[in-house]
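Read-outs throughout are calculated quantities, based only on the coordinates presented, and are distinct from any laboratory measurement. These numbers were taken from a predicted model, which means no experiment stands behind them. Cβ: placed from backbone, ideal geometry, glycine included. Neighbour counts: every protein chain shown.
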Amino acid sequence: MADPTGLTIQTATSAGAELTLTSADTVNGNRWLNSGNEILVIYNAGESSATVTATTALQMDGDLDIEDRVWTVGAGEYHFATLPRTDIYNDASGYAVVTAGGAAAADIAFAVVKK
């Protein structure tokens, strides 16, 4: 599998900024360098619900996997999430990885915003 498609971290300012969404890479997933302070914006432009999965990398006691975080995003819905525990959600290179799935996976778009 190729590397997940990168998501550019956008900065929110007091002057405001236009939110730029990036289509989900339904084959390789998407990723960003996660400091734990970013907000993940998920938009489903489709007419069916889809799932978005944040991969977890941490094991407890050396052999007990922590389950991935899964969100169900309904048709036309926006969801917002944060992945503050970098020890849980980041891979060895410091990236958080999310993958869209389900009938409307191709209709999912992401943005990552920081203050």
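For the chain, what does the relative contact order come out to in percent, with C-alpha contacts under 8 Å and a separation of six or more?
42 percent
Per residue of region 9-25, in order, report the coupling 6.51 cos²θ - 1.76 cosθ + 1.60 (Karplus, θ = phi - 60°) as ³J(HN,Hα) in whole Hz, putting x for Gly and Pro.
Computed from phi, the couplings for region 9-25 are 7, 9, 9, 7, 10, 5, 7, x, 7, 6, 7, 10, 9, 10, 4, 5, 8 Hz.
In deg cm²/dmol, rounded to 500, what helix-only [θ] at 222 nm does the chain give when every DSSP H run of at least 4 residues adds -39500 (n - 2.57) and the total is split over its residues? Before the final figure, lay out the partial values.
Details: 1 runs with 4 residues, N = 115.
That calculation yields -500 deg cm²/dmol at 222 nm.
Find the Cα radius of gyration of the chain, compare it with 2.2 N^0.38 Å by division, and give the number to two decimals. Present the calculation step by step, with values, prior to reporting the outcome.
On the way: Rg = 14.1 Å, N = 115, 2.2 N^0.38 = 13.4 Å.
So the chain has a normalised radius of gyration of 1.05.
Going highest first, how would you order 46-59, 5-18 by mean Cβ packing within 10 Å?
Sorting 46-59, 5-18 by mean packing, highest first, produces 46-59, 5-18.
For a label point 7 angstrom out from the Cα of Ser14 toward its Cβ, which stretches of region 31-52 have the backbone nitrogen within less than 11 Å?
none
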